[in-house]
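Asker: Structure provided below as structure tokens; questions to follow.
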Amino acid sequence: MKVIARSNRGQELPELERAELGYPAHIVLPITKGQEYGVLSMALMAPFLDFDYFGLMYLILRDHGLPGWVPGSLFEESDPRLSNHWRFERFPPRSDSPWRGLWGYDSMINDRSHNDSLIELEESAQRVFLSEVDRSCLAGRDEEHLLNLARSLNL
């Protein structure tokens with residue numbers, strides 16, 4: 001799946017979504033308006049503050065070259081085809097996870113600690129990410145970002 005950023009500013013998010021995510025209106029995310037990004041995993045967030053809110057989040061390689069989750073409402077889909085290699089996990093409504101559904105590569109689904117480790121920029125999680133991400137999902141500068149990430153990990 002590939003998406004194009006409509007905006008990188010928190011003020012462009014619906015107010016309820018900003019509140020759910022804890023983003024201030026003045027936040028500027030490390031993505032570029034008009035740039036195409038490959039979606040490397042996807043999650044449906046659970047509501048915390050309002051039961052009418054469900055947010056779609058995309059794991060992309062942000063402009064600084066590191067993977068991170070960004071609100072799907074900041075993007076338009078340019079290629080809606082999902083990876084043939086993705087797995088899916090559904091989370092029960094009262095689980096301890098903020099997700100209700102998660103699509104992604106094997107470790108994103110099968111290793112409960114992988115996502116947190118990836119967000120914390122742990123080297124071991126970045127290595128797993130590099131080895132498992134579906135390169136057919138890449139777009140724009142993603143390949144360059146992956147190569148730079150691999151170099152930083154001495155791979």
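Asker: How long is the gain from LEU153 to GLU120 if the chain were fully straight, where each residue apart is worth 0.36 nm and the alpha carbon distance is subtracted?
Answerer: Using 0.36 nm per residue and subtracting the Cα-Cα distance, I get 10.4 nm.
Asker: Sticking with this one: Residue by residue through the range 145-155, what is 3J(HN,Hα) from phi via Karplus (6.51 cos²θ - 1.76 cosθ + 1.60, θ = phi - 60°)? Round to whole Hz and write x for glycine and proline.
Answerer: Result, ordered by residue: 5, 5, 4, 5, 5, 4, 4, 5, 9, 6, 9 Hz.
Asker: Follow-up. To the nearest 20 debye, what is the magnitude of the charge dipole of the chain about its Cα centre, counting +1 on the Cβ of each Lys and Arg and -1 on the Cβ of each Asp and Glu?
Answerer: Rounded to the nearest 20 debye, it is 160 debye.
Asker: Here's a follow-up. For the range 75-84, what does the Karplus curve 6.51 cos²θ - 1.76 cosθ + 1.60, with θ = phi - 60°, yield as ³J(HN,Hα) per residue in whole Hz, taken in order and with x for Gly and Pro?
Answerer: The phi angles translate into 10, 10, 6, 9, 8, x, 6, 7, 4, 5 Hz.
Asker: While we're looking at this one, here's another question. Using the 10 angstrom Cβ neighbour count as an exposure proxy, how do PHE129, PHE88 rank, fewest first?
Answerer: In increasing order of surrounding Cβ atoms, one gets PHE88, PHE129.
Asker: Starting from the 7 Å offset along Cα-to-Cβ, what nm value, one decimal, do you get for the label separation of HIS64 and ARG90?
Answerer: Taking the two extended label points, one gets 3.7 nm.
Asker: So what's the convex hull volume per residue for the Cα atoms of the range 2-152, in Å³?
Answerer: Taking only Cα atoms, the range 2-152 has a hull volume of 108 Å³ per residue.
Asker: Still on this structure, I have one more. Using 0.36 nm per residue, how much length does the chain from TYR23 to SER97 gain when fully extended, once their Cα-Cα distance is taken away?
Answerer: Extra length available between TYR23 and SER97 comes to 24.7 nm.
Asker: Would you work out the charge dipole size for the range 1-92 about its Cα centre, treating the Cβ of every Lys and Arg as +1 and the Cβ of every Asp and Glu as -1, and quote it to the nearest 20 debye?
Answerer: Values: 9 positive and 12 negative charges, 62 e Å.
The calculated dipole for the range 1-92 is roughly 300 debye.
Read the figures in this text as sums done on the coordinates, not as results from a lab. The structure displayed is predicted, hence computed values, not measured ones. Ideal geometry is used to build each Cβ from the backbone, glycine not excepted, and the neighbour counts take in all protein chains shown.
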